[in-house]
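Notes for the one structure printed next.
No lab work stands behind these numbers, since they all come straight from the coordinates. Bear in mind that the values here come from a model prediction, so they are computed numbers and not experimental data. Cβ atoms come from the backbone with ideal geometry, glycine included; neighbour counts cover every protein chain shown.
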């Protein structure tokens, strides 16, 4: 009992100490919040424009393409459960998804998108996806569609990125909508990396991380 009481006392002292350090750190951060916000707004936000968007998108799509290349063609029919997309369907979805993004923002240049518009875009995307039935066709489409969108990104002005687009569920800036394309790809890429593991492959990004850790030993 004495030993238990001592441990409880030591734990309580440690928690008090940690709480004090947290409060000190939090107070320091809070005091500097205006300065930190200024740095964020002046440096990070202003420096992230069309070029940075295009470059980061190319990196994301490059990683998707490498996954598509590393999964064997005979594993393209793999699916986690019967009601989910196969590897091929998921990659074809990513390859065709960007088509309607380009149509909306760079061909039609819409500032107002209706539910009917979304229905039309999704229908066109699904039609394109259905034509991508082989590994080679899917990879070719990922490359072509990915670079096409990156080139579109590079044409955007600050004013265009700031434009508000009216949607059925509210409004978003064009900048936020286009960032969502990258988020969408990364979301599905995480699924693909899990599927790689399930068919016995180690994703290339994991291998790179393992190599970096091994080099530090």
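This ranking places 97, 48, 121 by how few other beta-carbon atoms lie within 10 Å of each, fewest first, which gives 48, 121, 97. For segment 153-217, the fraction of C-alpha pairs farther apart than 14 angstrom is 72 percent. Each part gets one Cα centre, and for segment 119-161 versus segment 183-208 those centres are 21 Å apart. Once segment 48-216 is represented by equal point scatterers at the alpha-carbon sites, with solvent omitted, what log10 I(q)/I(0) does the Debye formula produce at q = 0.20 Å⁻¹? Debye intensities relative to I(0), on a log10 scale: -1.32. Put in order of Cβ neighbour count within 10 Å, fewest first, the listed residues 85, 209, 177 become 209, 85, 177.
Among 163, 185, 211, the ranking by other beta carbons within 10 Å of each residue's beta carbon, starting with the fewest, stands as 211, 163, 185. In percent, rounded to a whole number, the relative contact order of segment 125-199 is 13, using alpha-carbon pairs under 8 Å and six or more apart.
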